[in-house]
Amino acid sequence: MLKLEEVAKRALITGSCGLIGSEVCLHLSKHGYQIFGVDNNERAVFFGPEGDTRWSLERLRAQIPGYSHFDIDIRNRAGVIGLVEEVRPDAIVHTAAQPSHDRAAAIPFDDFDTNAVGTLNFLEAARRACPEAPFVHMSTNKVYGDLPNTIALRELATRWDYDDPAFANGIPETFSIDQSKHSIFGASKVAADVMVQEYGRYFGMPTCVLRGGCLTGPNHSGVELHGFLSYLVRCNIEEREYKVFGYKGKQVRDNIHSEDVANFIVAFSDAPRRGEVYNIGGGKDNSCSILEAFALVEEFTGKRQKYVYLDQNRVGDHICYYSDLRKMKAHYPGWSITRPLREVFSEIAGSWKTRLVVA
Ligand SMILES: NC(=O)c1ccc[n+]([C@@H]2O[C@H](COP(=O)([O-])OP(=O)(O)OC[C@H]3O[C@@H](n4cnc5c(N)ncnc54)[C@H](O)[C@@H]3O)[C@@H](O)[C@H]2O)c1
């Protein structure tokens with residue numbers, strides 16, 4: 001039987017040991033929530049030992065008073081329904097996922113069952129047990145498929161940028177998610193994204209879809225197939241060769257610190273809307289190309305970045321992507337990016353230095 005505190009609001013966070021999930025657990029705990037985490041360390045199955053998140057579980061247990069952990073696979077429908085029924089959370093934040101483009105092609109059933117069906121399991125469990133609880137879902141900019149690559153671009157010395165004034169502030173939520181190549185991962189995330197919107201529009205639940213750019217931070221276990229900035233910094237510190245896949249290394253990503261993502265989730269949970277969609281990333285100010293990322297990491301570590309350039313780009317990879325943050329700021333004026341890019345780099349480098357020495 002669970003011990004439920006009478007006074008505290010209860011938050012159920014899936015993927016609680018992952019990058020975003022763990023940050024959200026810590027954040028919501030500071031905001032007075034009792035935290036219930038769900039994570040079966042599937043990241044170690046998807047990515048091998050380097051993706052292992054057990055260190056993160058230990059951190060949650062050490063830092064969150066009364067943290068309850070559930071080693072449940074989100075594909076286990078009966079388990080999910082039973083858990084949500086028992087906890088009856090006041091807020092659900094769904095971050096558990098198979099998060100990699102490239103990995104998905106090798107494991108399409110695991111990818112779809114986790115990303116699409118696992119999301120449906122939680123939505124339906126919430127509808128039955130706690131339909132008024134804000135439900136925040138982490139989606140991805142990969143739902144736009146490779147359509148952003150059709151925007152006119154200009155080539156600058158170290159990066160690509162949009163050459164169409166309509167996108168001067170980045171990609172807005174109105175951009176089409178249809179009729180483009182998404183990757184198997186992007187398609188399973190589209191299914192979840194639309195289903196979360198539908199539970200908001202059709203059933204009137206307070207759901208929210210966050211389409212992430214590059215979400216990162218010091219607590220990321222970046223690997224080659226997922227978590228580019230964290231992985232790049234790790235390669236630099238360990239003097240490993242980083243592989244650049246096409247686009248002259250000038251491909252652009254917008255990077256947001258996981259704490260800024262958590263801040264937004266708190267803002268939404270405090271004043272939820274129904275069936276909303278937001279593009280959440282670092283925006284133009286926190287964007288960089290791979291070449292620019294090399295230069296920045298070298299500044300923080302003093303080590304030259306070793307890399308190899310491969311002509312072939314990753315399938316469906318964006319050439320230039322940064323999020324238009326104006327809708328988020330209009331709906332939640334108290335929210336803004338608090339960590340500029342250089343600070344994000346500095347924190348990631350600091351964290352890897354400590355973690356790699358300890359390991
Ligand atoms: N990190 C990014 O750059 C980024 C960008 C865009 C979108 N997102 C989305 O944000 C969400 C969180 O991403 P993240 O970077 O924190 O990923 P992550 O891999 O660090 O965390 C996901 C967690 O979910 C757990 N998990 C996976 N499958 C599970 C299952 N079947 N049952 C129980 N637990 C399971 C994993 O063990 C892992 O700890 C994902 O939906 C991802 O698609 C991330």
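The values are calculated or read from the model by the stated rules, or taken from the named source; none is laboratory data. A quick note: this is a predicted structure, and the numbers were derived from the prediction, not measured. For neighbour counting, all protein chains shown are included, and Cβ atoms are generated from backbone atoms with ideal geometry for every residue, glycine included. Areas reflect the complete protein model, heavy atoms only, side chains present, ligands, DNA and RNA absent. Shrake-Rupley method; radii C 1.70, N 1.55, O 1.52, S 1.80 Å.
A few points about this structure:
- Condition met for residue 220 (in a strand (DSSP E or B), within 11 Å of the ligand (Cβ to nearest atom) and surrounded by 23 or more Cβ atoms within 10 Å (Cβ to Cβ)): no
- Listed by position, the strands (runs of 3 or more DSSP E) enclosed by segment 1-71 that each have at least 1 residues that are of a type in the set (A, V, I, L, M) and away from the ligand (no atom under 12 Å from the Cβ) are 9-14, 33-38.
- Summed over segment 64-103, the residues that are under 18 Å from residue 25 (Cβ atoms), among the hydroxyl-bearing types (Ser, Thr, Tyr) and under 16 Å from the mean Cα position of the chain (by Cα) give a count of 1.
- Cβ-Cβ under 8 Å pairs, at least 6 apart or on other chains, segment 13-36 side farther than 15 Å from residue 61 by Cα and in contact (Cβ under 8 Å) with a residue 12 or more places away in the chain, far side assigned to a helix (DSSP H, G or I) and more than 13 Å from the ligand (Cβ to nearest atom): 31/266
- Filter result for residue 61 (farther than 17 Å from residue 22 by Cα, open to solvent by 30 Å² or more (accessible area, probe 1.4 Å), of a type in the set (D, E, K, R) and out of contact with any Lys or Arg (no Cβ under 6 Å at 6 or more places or on another chain)): no
- Residue check for residue 139: open to solvent by less than 30 Å² (accessible area, probe 1.4 Å), farther than 24 Å from residue 324 by Cβ and within 16 Å of the ligand (Cβ to nearest atom): no
- Candidate set: segment 330-350, residues that are part of a helix (DSSP H, G or I) and in contact (Cβ under 8 Å) with a residue 60 or more places away in the chain; chosen: the one most open to solvent (accessible area, probe 1.4 Å): 343
- Checking each residue in segment 100-141 for being touching a helix residue (DSSP H, G or I) at 6+ places or on another chain (Cβ under 7 Å) and modelled with pLDDT under 95 picks out 100, 101, 103, 104, 105.
- Of the strands (runs of 3 or more DSSP E) entirely within segment 225-329, those holding at least 1 residues that are open to solvent by less than 40 Å² (accessible area, probe 1.4 Å) and over 30 Å from residue 134 (Cα atoms) occupy 242-245, 252-257, 287-289.
- Counted residues, segment 117-128 - those being open to solvent by 10 Å² or more (accessible area, probe 1.4 Å) and more than 10 Å from the ligand (Cβ to nearest atom): 4
- Restricting segment 207-217 to residues that are over 20 Å from residue 313 (Cα atoms) and under 12 Å from the mean Cα position of the chain (by Cα), the residue that is surrounded by the most Cβ atoms within 10 Å (Cβ to Cβ): 216
- Complete set of residues in segment 147-165 that are away from the ligand (no atom under 16 Å from the Cβ) and either open to solvent by less than 50 Å² (accessible area, probe 1.4 Å) or touching a strand residue (DSSP E or B) at 6+ places or on another chain (Cβ under 8 Å) (or both): 147, 149, 151, 152, 153, 154, 158, 159, 160, 161, 162, 163
- Close pairs (7 angstrom Cβ cut-off, 6 or more residues apart or separate chains): farther than 22 Å from residue 16 by Cβ and assigned to a helix (DSSP H, G or I) in segment 95-110, within 10 Å of the ligand (Cβ to nearest atom) and open to solvent by 30 Å² or more (accessible area, probe 1.4 Å) anywhere: 101/142
- Matching entry among 247, 242, 231, 202 (being without any contact (Cβ under 8 Å) to a residue 60 or more places away in the chain and either within 16 Å of the ligand (Cβ to nearest atom) or under 21 Å from residue 319 (Cα atoms) (or both)): 231
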